[in-house]
Amino acid sequence: MRLMKLKFWLTGLGLAMGVAAGANATEVAGVKLDDTLQLANTELKLNGAGIRYKAIFKVYIAGLYLKEKKTTVQDVLNADGPRRVTLVMMRDLSSEDFSRGFMQGIQKNTDKADKAKLTSQFLRFGELFASVPELKKGDVMTNDWIPGVGTVVALNGKKMGDPYPDILFYNALLRIWLGESPVDSGLKKAMLGESENRSAFR
């Protein structure tokens, strides 16, 4: 009897541990994103995540990480502390096409005054992808804002270039996904935690 009770207890414990293990990651189209992570000695939480679509094709998964949950664009832009946008590639893409998409998103969502202030940083960012001929399915790009350091871009854990010091630059990056003319309106809603974009969580 005791042995059976022990078995039931262990089985229950195993199930509980399984639930706990599954609770620390969010799955988006088969890609798992950590619900929390550490950046600059700060715990960040997954604010929202979804898929960047181009026509019917899935280009990448994007996840926004903040210290605290935010549901409006202005609150995200004004958030203090570190921030991260994680991109997980869903298909192979030339770095030229990828960087063009980034730069177009910046152009559409950055006002003239900020463009003038950030010209040199934008030029340097545009050249960043020249060292990477192609992005492969499964590649992970992180775009971090670290107070006192700047914007740090990394591909598969390897830092790409020097930091970009101006917070205006990081917010210009965020507006690619969260601006008035986002690259994908469904993804914008998903990153703000408003809704799931299309089949994101299948």
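Which of the residues belonging to segment 167-194 are out of contact with any helix residue (DSSP H, G or I) (no Cβ under 9 Å at 6 or more places or on another chain), in contact (Cβ under 8 Å) with a residue 40 or more places away in the chain and open to solvent by 10 Å² or more (accessible area, probe 1.4 Å)?
Gly186, Lys189, Gly193
Mind counting the residues in segment 21-37 that are farther than 20 Å from Met90 by Cβ and open to solvent by 80 Å² or more (accessible area, probe 1.4 Å)?
Of the residues in segment 21-37, 1 are farther than 20 Å from Met90 by Cβ and open to solvent by 80 Å² or more (accessible area, probe 1.4 Å).
Scan segment 33-48 and report the pairs whose first residue is more than 16 Å from Ile61 (Cα to Cα) and whose second residue is among the acidic types (Asp, Glu) and open to solvent by 30 Å² or more (accessible area, probe 1.4 Å), with Cβ atoms within less than 7 Å and a gap of 6+ or a chain change.
Every condition considered, the pairs that remain are Thr36/Glu43; Lys45/Asp35.
Of these, Leu87, Leu118, which one is over 15 Å from Pro182 (Cα atoms), open to solvent by less than 40 Å² (accessible area, probe 1.4 Å) and outside any helix (DSSP H, G or I)?
Leu87
Can you work out which of the residues in segment 38-84 that are closer than 17 Å to Arg175 by Cβ and of a type in the set (Lys, Arg) is least open to solvent (accessible area, probe 1.4 Å)?
The extreme case among them is Arg83.
Could you tell me whether segment 167-184 includes any residue that is outside any helix (DSSP H, G or I) and either among the aromatic types (Phe, Trp, Tyr) or at positive phi (or both)?
no
Pick out the one residue from Phe129, Phe125 that is within 15 Å of Leu168 (Cα to Cα), in contact (Cβ under 8 Å) with a residue 12 or more places away in the chain and either open to solvent by 70 Å² or more (accessible area, probe 1.4 Å) or not in a strand (DSSP E or B) (or both).
None of the other options fit; the residue is Phe125.
Would you confirm whether any residue within segment 141-158 is open to solvent by 80 Å² or more (accessible area, probe 1.4 Å), touching a strand residue (DSSP E or B) at 6+ places or on another chain (Cβ under 8 Å) and touching a residue at least 24 places away in the same chain (Cβ under 8 Å)?
no
Restricting to segment 121-147, name every residue that is out of contact with any helix residue (DSSP H, G or I) (no Cβ under 8 Å at 6 or more places or on another chain) and either more than 29 Å from Asp80 (Cα to Cα) or modelled with pLDDT under 95 (or both).
Of everything in segment 121-147, those that are out of contact with any helix residue (DSSP H, G or I) (no Cβ under 8 Å at 6 or more places or on another chain) and either more than 29 Å from Asp80 (Cα to Cα) or modelled with pLDDT under 95 (or both) turn out to be Leu123, Arg124, Glu127, Ser131, Lys136, Lys137, Gly138.
The values are calculated or read from the model by the stated rules, or taken from the named source; none is laboratory data. Values in this document were obtained by computation on a predicted structure and should not be read as measured data. All Cβ positions, even for glycine, are placed from backbone atoms using ideal geometry, and neighbour counts span all protein chains on display. Heads up: the accessible areas ignore ligands, DNA and RNA and are worked out on the full protein's heavy atoms, side chains in. Shrake-Rupley method; radii C 1.70, N 1.55, O 1.52, S 1.80 Å.
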